[in-house]
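First comes the structure, then the notes that go with it.
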Amino acid sequence: MKKRQHSAGGFSLVELLIGTILFTIITGIAFSLLMSAQLRYQGESTVTEAFQQANVALDQIVRDIHSAGYPPMSSFSAAAASSNPYGYALPFAWTPSYPGTPCIVGSTCTVPGQYELIVEADIGNGLGVQWIRYSLQGTTLMRGMTPKGAGDPVGATNSSLAPYLDNVMNGNNSLSIFTYTFDSTTPPSQRQPSYIREVNITLIVQSAHPDPQTQQYRTITLTGQAVRFNPNQ
Amino acid sequence: MVIALFTLMLISVVATALILMAGTETALKGNYKSAMQSFYDAKAGLEEGRGRLWARNPDSIASCLNPGGGPMMPLNQVCYILNPSAGEVVNPQDPTNPYADTEYQTEWGTAVPTGAAYNTVMSDSPIASGSIAGPLYKWVRITPRTNLSGNLGADNTPLFFDGANSNSTGIGAQVFTITSLAVTPYNSRRLVQYTVALAGSAAALGNVPSALTLDGNGVSFTGPSGGNNNNNNNNNNNNNNFKIVGNDVNAPPGTQSGISAIGYTNPSDGPSVSMAATPSGSYLSPAGVPSVGVVSLPPILQTPSGLQTLVNGITQNADLVLSPPPGTVVDQNSLPSAMSASNPMIVVVNGDFNLHGHGTGYGLLVVTGTLDYDPDASWNGVILVIGQGTFTSSKNGTGVINGAVFIAQTLDASGNLLANLGYSSFTQTGGGSGIQYSSSWVKATQALMTYQVLSFREIPLKTP
């Protein structure tokens, strides 16, 4: 029987070529996977950041609405309330004709509206009852706060508005940020701001940067609901 | 071999990236969950405080609120319900304690009181049993409420609630502030606050202005004529004993306090009521208080809708609600057998009711139809005849109503709510011992009500 001859010099050229080609292919696949994962990670990070910001904003809106109307006039003696007319709160301020003639939400009210809400509450910052206003301007949800006083609450809070949440796309999608549920006994023609029982909040927020893979901006939608606890005095 | 190692390394990198992403998501959701949990835990604390304010609660904190046992919580008193986790110390007084009550200073301008003014009780939370983790609130604080503590003016007298508004003149039930701090294991903190008072109905009952109150317009009163009318078949011939007495039977010995015997709300009804309330010796009140006269009522008692709200509120707290079919009448046999002097109850009758027999009822009786009273029976507490507003009695007896009676017509014959109060009527032509005002029974009746939330707020924490 003829004995097979083995080379003592190592791999043949063909073996090296095959090995190199295989290595290149596998490395290429691996790097492309890695690159894909990296892009995916960047995209998700952007969305996560938008989600986190929207979540914080939603939580704050809910907290403010929970405190709306605190303290009510009924929680003070008549003498104290009459001498401090701005020391107690209605749940929600409105415009026009505040505080004389309540408007009708969805009809004659400019505020509260789809993209505007003004809460009255003492939030414990030592400044007494505040007008806390949320207003969507373009794609930025603004928040402003000023002590309750005489005059129109919109005018009074204009200068205090500051960007609170960016890339809010509700306006572009014609989808309300704020929708309202009223006390069950309130007919539509009498839906004054004081009769708002629940505020449903929808935030459509777009990521700050496009997705690196698709080059498309991604959006998330957060919804929340806040019940008015305080009386509507 | 090399290829396998390299592939493994790449897979590890990808897996690590995925784990990081998942970790971030988990942390976000964990934070949100913890924040939500602390909010609802804090609210649970508020509810424990509110529930244990109720005098009928087996774990009532009445002695914590007011160790002296007086009629109201003293101004500088504070009561804490503590709820420490195992091995932890919760001391709201101690500024170095992780659960120190820093909000007290904001509201009252002073540090948490010490000594006898500071009382604590332990929570009812099942966390104490160690079986199921209860809500993680650390403490619940109960204080009286004043205009000052509510950040409105400098008036620091305790506030009371009359069913519609607060006042500092003592009308109605005392207003309390309940504050609750919750801290979760992930250190999410929430501080929330209720303002509470006894339900409007109880607040309104708290200051009944007369032993018999006839609320409305065109009211009528008919008592036993001259005190010696004997036109009935009852064997008890004791109508000379009929009296309506506004003097408080529970006044300390040697002192005199009380209210009017008969009160009406529309001055134009004065002549007819006064003329019927004879002889004058049967209608008594303390010196300086008219025995028969005009009385003022809290707003909730001045309108049919307010009174309806009151009845609805009482019905929600009732031990028994009887709704006899139209045309039928229920009587004293339907009253709960467990009702006693030590266990007064709330009974609401949506219709006509015959309070007959020889027994004694205890607590609050609400009748929306006609109340027919046989004075062989007695009642200790308050009777509200709100609806048809008709109280009739034609027999003799030895029974007495200890407490107060309030009558108002708010419904028409069809049961529809009137626009304005109608003509309530009280007719007791037989006899009986009448009505004896008792502040103790009025208070006992008031205590049957639960506390209602007047306002709520969440307080931002300055030092987490």
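The values are calculated or read from the model by the stated rules, or taken from the named source; none is laboratory data. Given the structure is predicted, the values throughout are model-derived calculations rather than measurements. Heads up, the Cβs are rebuilt from the backbone with ideal geometry, glycines too, and the neighbour counts pull from every protein chain shown. All accessible areas refer to the heavy atoms of the entire protein, side chains included, with ligands and DNA or RNA removed. Shrake-Rupley method; radii C 1.70, N 1.55, O 1.52, S 1.80 Å.
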Under 28 Å from residue B:192 (Cβ atoms), in contact with a Pro (Cβ under 9 Å, 6 or more places away or on another chain), surrounded by 12 or more Cβ atoms within 10 Å (Cβ to Cβ) and within 10 Å of chain B (Cβ to nearest Cβ): does that describe residue A:80?
-> no
Search the stretch A:86-103 for residues being within 14 Å of another protein chain (Cβ to nearest Cβ) and either in contact with a Leu (Cβ under 8 Å, 6 or more places away or on another chain) or over 20 Å from residue A:227 (Cβ atoms) (or both), and hand back the single one that is surrounded by the fewest Cβ atoms within 10 Å (Cβ to Cβ).
-> A:86
Scanning the stretch A:198-233 for residues that are within 14 Å of chain B (Cβ to nearest Cβ) and of a type in the set (Lys, Arg) gives A:228
Collect the residues in the stretch A:129-159 that are hydrophobic (A, V, I, L, M, F, W, C) and either farther than 18 Å from residue B:458 by Cβ or part of a loop (DSSP other than H, G, I, E, B) (or both), keeping them in residue-number order.
-> A:136, A:141, A:142, A:150, A:154, A:156
Can you tell me which residue within the stretch B:25-35, out of those that are facing chain A (nearest Cβ under 9 Å) and open to solvent by less than 50 Å² (accessible area, probe 1.4 Å), is nearest to residue B:141 (Cα to Cα)?
-> B:35
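Within the stretch B:308-315, does at least one residue satisfy the condition of being closer than 27 Å to residue B:224 by Cβ and either touching an Asp or Glu at 6+ places or on another chain (Cβ under 6 Å) or aliphatic (A, V, I, L, M) (or both)? Break it down stepwise before answering.
Of all residues in the stretch B:308-315, those closer than 27 Å to residue B:224 by Cβ come to none.
Scanning the stretch B:308-315, I find no residue that is closer than 27 Å to residue B:224 by Cβ and either touching an Asp or Glu at 6+ places or on another chain (Cβ under 6 Å) or aliphatic (A, V, I, L, M) (or both), so the answer is no.
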Meets criteria (closer than 28 Å to residue B:453 by Cβ and at pLDDT 95 or above) for residue A:195 = no
Residue, nearest to residue B:187 (Cα to Cα), within the stretch B:58-83, restricted to residues that are in a loop (DSSP other than H, G, I, E, B), open to solvent by less than 40 Å² (accessible area, probe 1.4 Å) and touching a residue at least 12 places away in the same chain (Cβ under 8 Å) = B:83
Output the residue which, of all residues in the stretch B:95-106 that are open to solvent by 50 Å² or more (accessible area, probe 1.4 Å) and more than 14 Å from chain A (Cβ to nearest Cβ), is nearest to residue B:140 (Cα to Cα).
-> B:98
Among the residues of the stretch B:422-464, how many are open to solvent by 20 Å² or more (accessible area, probe 1.4 Å), assigned to a loop (DSSP other than H, G, I, E, B) and among the aliphatic types (A, V, I, L, M)?
-> 2
Conditions (1) at pLDDT 85 or above; (2) surrounded by 14 or more Cβ atoms within 10 Å (Cβ to Cβ); number of the one not met by residue A:28 | (2)
Of the listed residues (B:403, B:399), the one being touching a strand residue (DSSP E or B) at 6+ places or on another chain (Cβ under 9 Å), more than 14 Å from every other protein chain (Cβ to nearest Cβ), open to solvent by less than 50 Å² (accessible area, probe 1.4 Å) and not in a strand (DSSP E or B) is B:399
What residue, among those in the stretch A:55-77 that are open to solvent by 40 Å² or more (accessible area, probe 1.4 Å) and at the interface with chain B (Cβ under 8 Å from one of its Cβ atoms), is nearest to residue A:133 (Cα to Cα)?
-> A:63
Which one of B:4, B:44, B:86, B:55 is touching a Pro at 6+ places or on another chain (Cβ under 8 Å) and either open to solvent by 60 Å² or more (accessible area, probe 1.4 Å) or away from every other protein chain (no Cβ under 14 Å) (or both)?
-> B:44
How many residues does the stretch B:166-198 contain that are surrounded by fewer than 24 Cβ atoms within 10 Å (Cβ to Cβ) and either modelled with pLDDT under 85 or in a loop (DSSP other than H, G, I, E, B) (or both)?
-> 9
Out of all the residues in the stretch B:374-383, is one or more in contact (Cβ under 8 Å) with a residue 40 or more places away in the chain, within 21 Å of the chain's Cα centre (by Cα) and surrounded by fewer than 24 Cβ atoms within 10 Å (Cβ to Cβ)?
-> yes
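Test residue A:52 against the criterion of being open to solvent by 50 Å² or more (accessible area, probe 1.4 Å) and modelled with pLDDT of 90 or more, and give yes or no.
Numbers: open to solvent by 50 Å² or more (accessible area, probe 1.4 Å): yes; modelled with pLDDT of 90 or more: no.
Answer is no for this residue.
Out of everything in the stretch B:424-464 that is hydroxyl-bearing (Ser, Thr, Tyr) and touching a Gly at 6+ places or on another chain (Cβ under 6 Å), what residue ends up being nearest to residue B:53 (Cα to Cα)?
Initial filter on the stretch B:424-464 (hydroxyl-bearing (Ser, Thr, Tyr)): B:424-425, B:427, B:429, B:433, B:437-440, B:445, B:450-451, B:455, B:463.
Then drop every residue that is not touching a Gly at 6+ places or on another chain (Cβ under 6 Å), which leaves B:424, B:437-438, B:445.
Details: B:424: 35, B:437: 26, B:438: 23, B:445: 15 Å.
In this case the residue turns out to be B:445.
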Looking at (1) touching a Leu at 6+ places or on another chain (Cβ under 8 Å); (2) at pLDDT 85 or above; (3) within 14 Å of another protein chain (Cβ to nearest Cβ); (4) open to solvent by 40 Å² or more (accessible area, probe 1.4 Å), find the lone condition where residue B:155 falls short.
-> (2)
Residue in the stretch B:8-24 that is most open to solvent (accessible area, probe 1.4 Å), counting only those that are under 15 Å from residue A:45 (Cβ atoms) and within 7 Å of chain A (Cβ to nearest Cβ) | B:24
Residue by residue through the stretch A:104-128, note down the ones that are surrounded by fewer than 23 Cβ atoms within 10 Å (Cβ to Cβ) and assigned to a strand (DSSP E or B).
-> A:116
